[in-house]
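Below is one structure; the comments refer to it alone.
The values are calculated or read from the model by the stated rules, or taken from the named source; none is laboratory data. Remember, predicted model here, so these are calculated numbers, not experimental data. Reconstructed Cβ throughout: ideal geometry from the backbone, glycine too, with neighbour counts over all protein chains shown.
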Amino acid sequence: MNIGYLYAKAVKKLRGKCILNSHIDKSSIVFSGSDIIDSSVGKYTYIGYDCHIDKADIGSFCSLSDHIFIGGAEHPMRWVSTSPVFQKVKGVTERGSGASIKLANHEVEVFKRTTIGNDVWIGHAAVIRTGVTIGHGAVIGSGAVVTKDVPPYAIVGGIPAQIIRYRFDEQTIDRLIRSQWWELPLHTLKTSAKHITDPIRFLKDLGID
């Protein structure tokens with residue numbers, strides 16, 4: 001094994017992570033370089049390296065790759081200028097605004113929370129706009145820019161993200177949502193997990209018609 005590779009890997013993991021005013025379930029994992037602010041993360045979810053998550057509620061059994069951006073403030077596009085030097089923003093001072101002056105303190109709209117359902121897979125470097133809701137079981141392609149809500153079990157990709165197809169037919173999607181399997185006790189889920197590769201058998205085992 002290359003020593004340089006091992007050294008770089010160790011340094012990457014030692015960078016730490018920033019978690020502020022957030023609840024991360026103890027069964028979930030957040031990798032180094034990521035910052036999570038005013039957010040919540042459910043059970044058995046992992047969040048990759050160098051992600052930024054602001055004011056988002058993320059469900060259980062989600063898989064988030066690296067360099068994902070979720071939520072965050074937006075600039076007022078209907079104003080004459082989008083620059084924060086004209087805005088009253090918490091934490092933005094003359095230096096913090098990225099400029100050497102502060103010209104006004106106009107109130108800006110508080111940005112909405114972003115909601116990520118359960119069992120959602122988000123690919124590398126995807127961007128999820130603030131206020132968007134991602135339905136259960138959805139898949140967000142690598143590099144996608146999601147600007148509007150994504151239905152449950154939809155696969156989306158592109159800029160802006162568009163629906164490519166759905167993972168299952170309507171009846172199976174309905175049954176999966178009704179099953180709420182992500183809320184099942186761990187011992188029940190362990191028993192049913194033998195059929196996780198076959199949605200129909202899995203649902204039948206749970207008694208979901």
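Scanning segment 156-170 turns up at least one residue that is surrounded by 15 or more Cβ atoms within 10 Å (Cβ to Cβ), hydrophobic (A, V, I, L, M, F, W, C) and in a strand (DSSP E or B). Please find, within segment 62-88, the residue that is surrounded by the most Cβ atoms within 10 Å (Cβ to Cβ) out of those that are in contact with a Cys (Cβ under 9 Å, 6 or more places away or on another chain) and under 15 Å from Thr147 (Cα atoms). Per the stated criteria, the residue is Ile70.
A count restricted to segment 180-209 and to residues that are in a helix (DSSP H, G or I) and among the polar types (S, T, N, Q) stands at 3.
Table: residues versus (1) in contact with a helix residue (DSSP H, G or I) (Cβ under 7 Å, 6 or more places away or on another chain); (2) assigned by TED's automatic domain parsing to the domain that holds Asp149; (3) modelled with pLDDT of 80 or more.
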{"site": "Cys51", "(1), (2), (3)": "no, yes, yes"}
{"site": "Asp57", "(1), (2), (3)": "no, yes, yes"}
{"site": "Asp66", "(1), (2), (3)": "no, yes, yes"}
{"site": "Ser81", "(1), (2), (3)": "no, no, yes"}
{"site": "Thr93", "(1), (2), (3)": "no, no, no"}
{"site": "Gly96", "(1), (2), (3)": "no, no, no"}
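Residue under question is Thr172, and the condition is that it be farther than 19 Å from Cys62 by Cβ and in contact with a Pro (Cβ under 7 Å, 6 or more places away or on another chain); does it hold? For Thr172, the condition - farther than 19 Å from Cys62 by Cβ and in contact with a Pro (Cβ under 7 Å, 6 or more places away or on another chain) - is met. Considering (1) over 18 Å from Ile47 (Cα atoms); (2) surrounded by 13 or more Cβ atoms within 10 Å (Cβ to Cβ); (3) not aromatic (Phe, Trp, Tyr), the lone condition that Gly137 does not fulfil carries the number (1). Within segment 100-126, the set of residues being crowded, with 21+ Cβ neighbours inside 10 Å and not in a loop (DSSP other than H, G, I, E, B) comprises Thr114, Ile116, Ile122.
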